[in-house]
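In what follows, a single structure is set out as structure tokens and then discussed.
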Ligand code: SF4
């Protein structure tokens, strides 16, 4: 356990993830310094002249103290043998974000020397590193200048900068081809799944336990769809995305009714992508795939996460490797020619060889796109709550496995087209979407780069309204719980209605 004491908690969201990135295995708590007065002895004992830990005996600090003043910042690391205090002067002329970055760079340097580690993404703890690069390229920065900025300001490695530039350029090209500013995307959430995966932190309800709520949910959703169909009359619909949960947990009849309703209520003449997450192979049938094809769904996602049966069993997926292969075969037979597959690196008990075998099996299935996630353990996930039960099943060689996926995608003509990060990711790495040329998931780019208004319907839906002229984004959320959504649907509609009444002219 590491306790972090801050003289100013404003920077908690910057400091916590950086410390966590260096010490991913540790529980970390953050206090305001006054909340738990520190023994002065501990602080006076620490000094700048204190020796760093002996190589090979890298002690995890029990306390990290960060004190902010206008002109300097002081970082102390305290443990049994570790007594280190360092100060750095910070220029008073720095703007807010420059000050924040300078402070993070200093903390990074101290932690890097103490652990003997560097982080590929440097001090970047936000979720969208490519957004920064995209903005620099939009400002006509030359590639060399982008490298310089990302290295000096954020301490990013050249590999990560190169990948960010490649992705940002590809995104820019794809966005250029669509009139994204005058368009909007539609997200529809179906929060039911066949069972709950060990690492899940999404709004997801077991379809068996909650089957009595499905009809009520669809009725509430219908109300929201009918309202949403006319709420952005001056914008063209660009992308439609069904996510969740697992939309294909609905029956073929329910899917047929729901997709028919969407097609009837919305104008699809400008839609560039109609995507449904058929995420769990155990929710898929020929009939459902035929329904998706009939209504013009042109991209589906069938996600194994791993092609190792021992892993699928452990993470509660309740489907077999053969079911994944069968689902892909059925999808091809029913006319689906744009299939994405998701895998996760860092799953419990997996090593590089497991990932290599998963990639070998995926190669045979030849999906049009492959999304490679690195496991992020969220607070609400069972994997976190029951972590003691899995302490002997830690994944190993996650960074090596990521390198193997890079090699695999290059050798098999997949190009990276979007990238994002989450908090608490294994080895502080990233998620990357790869696709064959021309088969990119457009909605994924729009949501990551926050370039377009997204109208989100259903439980847990978070609508994002992008005001291009003012360079600002506003969010309007729906309640997460299925029962609350059903009971409070009028309120959900009113929230959007009120917001749009006040803002739609500026959108
Ligand atoms: S399929 Fe996705 S949404 Fe459903 S339980 Fe698993 S991780 Fe959660």
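Please go through the stretch 212-241 and pick out each residue that is part of a helix (DSSP H, G or I) and within 16 Å of the ligand (Cβ to nearest atom).
213, 214, 217, listed by residue number.
Residues checked against (1) modelled with pLDDT of 95 or more; (2) surrounded by fewer than 20 Cβ atoms within 10 Å (Cβ to Cβ); (3) under 14 Å from residue 435 (Cα atoms):
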{"residue": "320", "(1), (2), (3)": "yes, yes, no"}
{"residue": "328", "(1), (2), (3)": "yes, no, no"}
{"residue": "332", "(1), (2), (3)": "yes, yes, no"}
{"residue": "337", "(1), (2), (3)": "yes, yes, yes"}
{"residue": "340", "(1), (2), (3)": "yes, no, yes"}
{"residue": "358", "(1), (2), (3)": "yes, no, no"}
{"residue": "366", "(1), (2), (3)": "yes, yes, yes"}
{"residue": "371", "(1), (2), (3)": "yes, no, yes"}
Task: For residue 131: the one exception among (1) within 25 Å of residue 275 (Cα to Cα); (2) outside any loop (DSSP other than H, G, I, E, B); (3) over 21 Å from the mean Cα position of the chain (by Cα) - done: (3)
TODO: Being more than 25 Å from the chain's Cα centre (by Cα) and either within 13 Å of the ligand (Cβ to nearest atom) or under 20 Å from residue 396 (Cα atoms) (or both) is the filter here, so list the residues in the stretch 310-327 that pass it.
DONE: 310
TODO: Might you let me know whether the stretch 150-157 holds any residue that is out of contact with any helix residue (DSSP H, G or I) (no Cβ under 6 Å at 6 or more places or on another chain), closer than 22 Å to residue 371 by Cβ and crowded, with 20+ Cβ neighbours inside 10 Å?
DONE: no
Task: Residues being surrounded by fewer than 18 Cβ atoms within 10 Å (Cβ to Cβ) and in a loop (DSSP other than H, G, I, E, B) - total across the stretch 97-126 - done: 4
Open item on the list: I'd like to know if the stretch 259-271 contains one or more residues that are within 15 Å of the ligand (Cβ to nearest atom) and crowded, with 23+ Cβ neighbours inside 10 Å.
Closed with: no
TODO: Output the number of the condition that residue 292 fails; it satisfies all remaining conditions of (1) outside any strand (DSSP E or B); (2) within 16 Å of the ligand (Cβ to nearest atom).
DONE: (2)
Task: Conditions (1) at pLDDT below 95; (2) in contact with a strand residue (DSSP E or B) (Cβ under 6 Å, 6 or more places away or on another chain); number of the one not met by residue 233 - done: (2)
TODO: Select from the stretch 1-10 the residues that are out of contact with any helix residue (DSSP H, G or I) (no Cβ under 7 Å at 6 or more places or on another chain) and either part of a helix (DSSP H, G or I) or farther than 19 Å from residue 60 by Cβ (or both) and list them in ascending order.
DONE: 8, 9, 10
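The rows are residues; the columns are (1) assigned to a helix (DSSP H, G or I); (2) at pLDDT below 90; (3) farther than 26 Å from residue 103 by Cα.
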| site | (1), (2), (3) |
| --- | --- |
| 135 | yes, no, no |
| 147 | yes, no, no |
| 151 | yes, no, no |
| 156 | no, no, no |
| 160 | yes, no, no |
| 165 | yes, no, no |
| 178 | no, yes, yes |
| 187 | no, no, yes |
| 201 | no, yes, yes |
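For every residue, the table says whether it meets (1) touching a residue at least 60 places away in the same chain (Cβ under 8 Å); (2) touching a helix residue (DSSP H, G or I) at 6+ places or on another chain (Cβ under 7 Å).
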position	(1), (2)
412	no, yes
455	yes, yes
480	yes, no
487	no, no
- [ ] Tell me which residues, restricted to the stretch 169-211, are in contact with a strand residue (DSSP E or B) (Cβ under 9 Å, 6 or more places away or on another chain) and away from the ligand (no atom under 16 Å from the Cβ).
- [x] 170, 171, 174, 178, 179, 180, 181, 182, 183, 184, 185, 186
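The values are calculated or read from the model by the stated rules, or taken from the named source; none is laboratory data. Model, not experiment: these values are computed from the prediction. Note that we place each Cβ from the backbone using ideal geometry, even for glycine, and neighbour counts take in every protein chain shown.
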